[in-house]
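Derivation of every value follows stated rules applied to the coordinates shown; laboratory data play no part. Predicted, not measured: the structure shown is a model, and the values here were computed from it. Every residue, glycine among them, receives a Cβ derived from its backbone with ideal geometry; neighbour counts consider all protein chains shown.
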């Protein structure tokens, strides 16, 4: 998968042909292509996903000829991890960062796409994703009682503590960050299952989508962070 970023337009833009070209290269629906062009006309940047680099180059060149300014966008990247120790106390949690602070600190407190892993002895026990700040996500994971169908983090009922590793996902398509997050999350879990013939011990939910080579590469980055010998039972 490749992405292009449309940053502007010029007087004389052929909107009809731009819509057709976006549809032809991305495979998106008419309404989505129309919304993309309208966003650009409103001086908003737009992201278009295409199957590969060749299609991206073709679309950038075609849009330029029609009156749009576009560029091939950087691929997604994971930044981190940011590490915390989470201790269970009286049914709630206490966090400690690497500098001894008892709270989450920026950038994991911001609303942005994130992958996170709970681990014990450097062995992953749960892989998750969120666009919430980690404080809000932890409160949900520790307060859920199943009444809404979500039971929260199962590990909190069996363990006294766990290490938390958080990566920020940057340069993700803003229109649907959750899908990219879920693709990477599921590939990390699947890599664990393939290599160790078992799911992560406290993984209770996963969402599967058709993933790209980019998603699998990012998943390998996270999975490869944890040493092999720490994962042997």
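At a threshold of 8 angstrom on Cα-Cα distance, excluding pairs fewer than six apart, so keeping six or more, what relative contact order does the range 1-83 reach in percent?
Working: 128 pairs, mean separation 40.9, N = 83.
49 percent.
Would you mind computing Rg(Cα) / (2.2 N^0.38 Å) for the range 53-110, counting N as its residues? Please list the in-between numbers first.
Details: Rg = 22.1 Å, N = 58, 2.2 N^0.38 = 10.3 Å.
Cα-based Rg divided by the globular estimate yields 2.14.
Per-residue ellipticity at 222 nm for the chain, helices alone: DSSP H runs ≥ 4 residues times -39500 (n - 2.57), over residue total, nearest 500 deg cm²/dmol?
Numbers: 6 runs with 79 residues, N = 233.
Result for the chain: -11000 deg cm²/dmol, rounded to the nearest 500.
Full extension from residue 23 to residue 43: what is 0.36 nm times the residue separation minus their Cα-Cα distance, to one decimal in nm? Intermediate results must be reported in sequence, preceding the final value.
Numbers: separation 20, 0.36 × 20 = 7.20 nm, distance 2.04 nm.
That pair, residue 23 and residue 43, stretches by 5.2 nm at full extension.
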Open item on the list: What would the Debye equation give as log₁₀ I(q)/I(0) for the range 2-72 at q = 0.22 Å⁻¹, counting only Cα atoms as equal point scatterers?
Closed with: -0.84
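How high is the FRET efficiency between residue 14 and residue 160 when r is their beta carbon distance and R₀ equals 45 Å, given to the nearest 0.05? Working shown, then result.
Numbers: r = 64 Å, r/R0 = 1.43.
Between residue 14 and residue 160 the formula returns 0.10.
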Task: Rg/Rg_globular for the range 113-233, with Rg_globular taken as 2.2 N^0.38 Å and Rg from C-alpha atoms - done: 1.03
Open item on the list: Order these by the 10 Å Cβ neighbour count, fewest first: 215, 58.
Closed with: 58, 215
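Given a cut-off of 16 Å, what percent of all Cα-Cα pairs of the range 160-226 lie beyond it? The partial results should precede the final answer.
Values: 1104 of 2211 pairs.
I get 50 percent for the Cα pairs in the range 160-226 exceeding 16 Å.
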Task: Cut-off 14 Å (backbone N to label point 7 Å along Cα→Cβ of residue 210), residues of the range 36-51 - done: 50-51
Open item on the list: Just want the ordering: 49, 160, 171, from fewest to most Cβ atoms lying within 10 Å of their own Cβ.
Closed with: 160, 171, 49
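With N residues in the chain, what two-decimal value do you get for its Cα radius of gyration over 2.2 N^0.38 Å? Show your work: numbers first, answer last.
Details: Rg = 20.9 Å, N = 233, 2.2 N^0.38 = 17.5 Å.
Ratio of Cα Rg to 2.2 N^0.38 Å: 1.19.
Ranking 185, 44 by Cβ neighbours within 10 Å, fewest first, what do you get? The partial results should precede the final answer.
Details: 185 27, 44 12.
Ranked by crowding around the Cβ, least crowded first: 44, 185.
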